[in-house]
Amino acid sequence: MSNATNIVLWARGLKKSFVSGDRSIDVLDGIDFRLNAGESISIRGESGSGKTTLLNVLSGLESADDGLIEWGRYNLKYLGSNDQAKLRASFLGLVFQSFYLIPELNALENVLMSGRMVGRVTRVHRQRARELLGKVGLSERTKHLPLKLSGGERQRVALARALFNLPRVIFADEPTGNLDEKTSAVVIDLLLSLCREEGVSLVLVTHNKEHASRTSRQLLLKDGRLESIGSNDEKN
């Protein structure tokens, strides 16, 4: 376990390879990664460089071939798959490119699904969900099904869902990949501002240089390694 109380996620020596034909491809080649409380980090890289694989490994959705990962005071090495899943539901919030909303549930019910994963939903939880939907500008759309929402609105529901359980960390994997430029800017503004307001650390995977530049630190994934390519004195 880490003794550094400000570190919320710490990975050391992560390795992950895949077999393609008769050769092995090293996607992650001894990656070290540290995320501090309240920090925002962006990760860029060419398509196929392993950005999503890295997020999946850091979130415990995929196993590393080697290396250690700590979520706060918990070392994933000593947690079984069920314990990891329970901890993930409260420790991490996940935002994906494709939204992954349940089509039969309205916006409010989709946000509340995060609560149902960790226990029963009370009146307090419903109020929390409504407040989050209000913060992302959807107070008047709480009863709308996903098919009645625009792409930007669906991603804002997904953002509210990710924040619902008061996670320590948000992983956002190309959250604007399916959105136009104007809508993308709105979603990134909300993502950064709400993470600051809620005191949540952020890991943003993006191809967009401008979006990446707004995080505290900017990293590049290249040849299985993370390189620092920039930082801001003030967190955005």
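The values are calculated or read from the model by the stated rules, or taken from the named source; none is laboratory data. Small disclaimer: the values here were computed from a predicted structure and weren't measured. In this analysis, Cβ positions are derived from the backbone assuming ideal geometry, glycine residues included, and neighbour counts consider all displayed protein chains. Each accessible area value is taken on the protein alone, full model and side chains, heavy atoms only, with ligands, DNA and RNA left out. Shrake-Rupley method; radii C 1.70, N 1.55, O 1.52, S 1.80 Å.
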Residue within the range 177-199 that is closer than 27 Å to residue 31 by Cβ, of a type in the set (Gly, Ala, Ser) and not in a loop (DSSP other than H, G, I, E, B) present: no
Residue among 40, 90, 63 that alone is in contact (Cβ under 8 Å) with a residue 40 or more places away in the chain and surrounded by fewer than 19 Cβ atoms within 10 Å (Cβ to Cβ): 90
Inter-residue pairs, beta-carbon under 8 Å, first over 18 Å from residue 35 (Cβ atoms) and in the range 203-227, second charged (D, E, K, R), 6+ apart: 207/44; 207/174; 209/44; 222/46; 223/29; 224/26; 224/29
Odd one out for residue 160 among (1) within 26 Å of residue 89 (Cα to Cα); (2) out of contact with any Lys or Arg (no Cβ under 9 Å at 6 or more places or on another chain): (2)
Which numbered condition residue 78 fails, given (1) hydroxyl-bearing (Ser, Thr, Tyr); (2) touching a His at 6+ places or on another chain (Cβ under 8 Å); (3) without any contact (Cβ under 8 Å) to a residue 60 or more places away in the chain: (2)
Qualifying residue in the range 13-33 (condition: buried (at least 19 other Cβ atoms within 10 Å of the Cβ) and either part of a loop (DSSP other than H, G, I, E, B) or free of Cβ contacts under 8 Å to residues at least 24 places away in the same chain (or both)): no
Conditions (1) in a helix (DSSP H, G or I); (2) at pLDDT 95 or above; (3) open to solvent by 20 Å² or more (accessible area, probe 1.4 Å): number failed by residue 54: (3)
Residue in the range 211-221 that is within 26 Å of residue 102 (Cα to Cα) and either open to solvent by less than 30 Å² (accessible area, probe 1.4 Å) or assigned to a helix (DSSP H, G or I) (or both) present: no
Residue list for the range 134-168, filter: of a type outside the set (A, V, I, L, M), open to solvent by 60 Å² or more (accessible area, probe 1.4 Å) and part of a helix (DSSP H, G or I): 135, 139, 140, 141, 148, 154
Selection from the range 149-185 of residues that are touching a helix residue (DSSP H, G or I) at 6+ places or on another chain (Cβ under 7 Å), of a type in the set (Gly, Ala, Ser), free of Cβ contacts under 8 Å to residues at least 60 places away in the same chain and within 28 Å of residue 36 (Cβ to Cβ): 160
Residue check, residue 85 open to solvent by less than 30 Å² (accessible area, probe 1.4 Å), over 19 Å from residue 30 (Cβ atoms) and not charged (D, E, K, R): no
